[in-house]
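Asks: The structure follows.
The values are calculated or read from the model by the stated rules, or taken from the named source; none is laboratory data. Note that the structure is a prediction, hence the values are computed from the model and not measured. We place every Cβ from the backbone using ideal geometry, glycine too, and count neighbours over all the protein chains shown. Heads up: the accessible areas ignore ligands, DNA and RNA and are worked out on the full protein's heavy atoms, side chains in. Shrake-Rupley method; radii C 1.70, N 1.55, O 1.52, S 1.80 Å.
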Amino acid sequence: MTLPSSITIRRPDDWHVHLRDGPMLQACAVHTARQFARAVIMPNLVPPVTRIAEASAYRDRIRRAVPAGLTFEPLMTCYLTDSADPVELANGKQQGVWVAAKLYPAHATTNSAHGVTSMDRIAKGLEAMEKAGMPLLVHGEVTDADVDIFDREAVFLDKVLAPLLRRHQGLKVVLEHITTKEGVAFVEANGARMGGTITPHHLSYNRNAIFKGGIRPHLYCLPIAKSEEHRLALRRAATSGSAQFFLGTDTAPHTADTKECACGCAGIFNAPVAMQVYTQVFAEENALDHLEAFASLNGPRFYGLLPNEERITLSAGSLDVPERIDVPGSDKSVVVFRPDTPINWSL
Ligand code: DOR
Ligand code: ZN
């Protein structure tokens, strides 16, 4: 089959983004806003975003960090802690501040120390969300050190998420950054109340790449990439046209020095290359006709929002993106994600 030399789709949204704050926000916001009309902003700042007023102030800082001329709407999330307040959740949704709340199991990943230690503790909050029609966004990994790191997602689905879904039958749930075939099957088995986001990096490489010729800290994120059969399951799900799967980059910048060290941070900064990489994957899978659904339609439908009216065009051509971006006011930089295989699309 010959591939088209360009593809035009409705402007996409990113349903999972870490923009950080301060100088890092100044460095990163433009890259997400160039690619996406809206983004669901993760609340794992230090300290985490748990109150309506904090989210609203953070949203203002994000808007100010986006250069004039780019239209971009940050969609805010509430960081759930053991003391999550049902009233704050319901009010923030009603006031149009929260679009969702994020569940980090305590100590599962970056800045999750204030996360949830037991689902019982947030039952009242989840009931309030269920009533308010506010989706729960899940970092789906158990934190038990005895569970192998490559099994933590599958075990979480059985031990934590399945009981939670039974207990809260009306709650809408997104399994974020799916990395396993079990994750794909779990989302599918739960029907329209459930969605799954898939990142560009988990579609692009498997766990071998992290250790190719040495340890590659810029391919380290959580959940960690799994084996090839899992990557192929993700590619099938993303490109299938199923309305349950949608775009979420999990772009998560860390400065190079905090990744290239003895105990490097988890997170991949892919914002500048996100749509180019997704388009490459859909082209390789002969599924460019499903790219718009994945990138621009399924997410808004799940969140009860209208799709964007503007259009973007991706053209066949070489990737024209710097290898790193500088963080203003410092000598630090963030390395941009680059798959091992060539990307033949530009935005
Ligand atoms: O790799 C990751 N980085 N996974 C997460 O869940 C959090 C993120 C971050 O904030 O750096
Ligand atoms: Zn994330």
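Asks: Looking at this structure, is ILE215 part of a helix (DSSP H, G or I), β-branched (Val, Ile, Thr) and surrounded by fewer than 23 Cβ atoms within 10 Å (Cβ to Cβ)?
Replies: No; evaluated as a whole, the condition is false for this residue.
Asks: State all residues of the range 170-204 that are out of contact with any helix residue (DSSP H, G or I) (no Cβ under 9 Å at 6 or more places or on another chain) and under 15 Å from LEU103 (Cβ atoms); if no residue qualifies, say none.
Replies: Within the range 170-204, just GLU176 meets the criteria.
Asks: Considering only residues of the range 127-148 that are more than 22 Å from the chain's Cα centre (by Cα) and more than 23 Å from VAL40 (Cβ to Cβ), which is surrounded by the most Cβ atoms within 10 Å (Cβ to Cβ)?
Replies: Among residues in the range 127-148 that are more than 22 Å from the chain's Cα centre (by Cα) and more than 23 Å from VAL40 (Cβ to Cβ), the one surrounded by the most Cβ atoms within 10 Å (Cβ to Cβ) is VAL147.
Asks: If you go through the range 23-30 one residue at a time, do you hit one that is open to solvent by 30 Å² or more (accessible area, probe 1.4 Å) and either modelled with pLDDT under 95 or not in a helix (DSSP H, G or I) (or both)?
Replies: Scanning the range 23-30, I find no residue that is open to solvent by 30 Å² or more (accessible area, probe 1.4 Å) and either modelled with pLDDT under 95 or not in a helix (DSSP H, G or I) (or both), so the answer is no.
Asks: If you take the residues in the range 85-143 that are within 16 Å of ligand 1 (Cβ to nearest atom) and small (Gly, Ala, Ser), which one is modelled with the lowest pLDDT? Can you show your working first?
Replies: Step one: of the range 85-143, the residues within 16 Å of ligand 1 (Cβ to nearest atom) are 100-116, 136-143.
With the extra rule that they be small (Gly, Ala, Ser), the set shrinks to 100-101, 106, 108, 112-113, 115, 140.
Details: ALA100: 98, ALA101: 98, ALA106: 91, ALA108: 83, SER112: 86, ALA113: 88, GLY115: 94, GLY140: 98.
By that ranking, first place goes to ALA108.
Asks: Being within 16 Å of ligand 2 (Cβ to nearest atom) and open to solvent by 60 Å² or more (accessible area, probe 1.4 Å) narrows it down to one residue among VAL17, VAL46; which is it?
Replies: VAL46
Asks: Quick one: PRO272 ticks every box in (1) more than 16 Å from ligand 1 (Cβ to nearest atom); (2) more than 21 Å from ALA33 (Cβ to Cβ); (3) open to solvent by 10 Å² or more (accessible area, probe 1.4 Å) except a single one, so which number is it?
Replies: (2)
Asks: Give the number of residues within the range 194-212 that are more than 16 Å from ligand 2 (Cβ to nearest atom) and either free of Cβ contacts under 8 Å to residues at least 60 places away in the same chain or crowded, with 22+ Cβ neighbours inside 10 Å (or both).
Replies: Residues of the range 194-212 more than 16 Å from ligand 2 (Cβ to nearest atom): 194, 204-212.
Filter once more, keeping what is either free of Cβ contacts under 8 Å to residues at least 60 places away in the same chain or crowded, with 22+ Cβ neighbours inside 10 Å (or both): 194, 204, 206-208, 210-211.
Summing the residues that are more than 16 Å from ligand 2 (Cβ to nearest atom) and either free of Cβ contacts under 8 Å to residues at least 60 places away in the same chain or crowded, with 22+ Cβ neighbours inside 10 Å (or both) in the range 194-212 gives 7.
Asks: In addition: Exactly one of these conditions fails for GLY191: (1) on the phi > 0 side of the Ramachandran plot; (2) surrounded by fewer than 16 Cβ atoms within 10 Å (Cβ to Cβ); (3) touching a Leu at 6+ places or on another chain (Cβ under 9 Å). Give me its number.
Replies: (3)
Asks: Under 6 Å between Cβ atoms, which residue pairs at least 6 apart in sequence (or on different chains) link something in the range 18-39 that is farther than 17 Å from ARG324 by Cα with a partner that is open to solvent by 30 Å² or more (accessible area, probe 1.4 Å) and away from ligand 1 (no atom under 14 Å from the Cβ)?
Replies: ALA33/LEU70; ARG38/GLU73
Asks: With the requirement that a residue be within 16 Å of ligand 1 (Cβ to nearest atom) and touching an Asp or Glu at 6+ places or on another chain (Cβ under 6 Å), what does the range 33-53 give you?
Replies: Selection gives ALA39, LEU45.
Asks: Hey, another quick one. Can you give me the number of residues within the range 153-182 that are within 16 Å of ligand 1 (Cβ to nearest atom) and surrounded by fewer than 22 Cβ atoms within 10 Å (Cβ to Cβ)?
Replies: Residues that pass the stated criteria total 1.
Asks: Oh, and also: For residues in the range 84-112 being of a type in the set (Gly, Ala, Ser) and surrounded by 15 or more Cβ atoms within 10 Å (Cβ to Cβ), which is nearest to LEU157 (Cα to Cα)?
Replies: Only one residue tops the list, namely ALA108.
Asks: Taking the options ARG34, ARG51, ARG59, name whichever one is more than 16 Å from ligand 2 (Cβ to nearest atom), closer than 29 Å to VAL160 by Cα and either of a type in the set (Lys, Arg) or open to solvent by less than 30 Å² (accessible area, probe 1.4 Å) (or both).
Replies: ARG51
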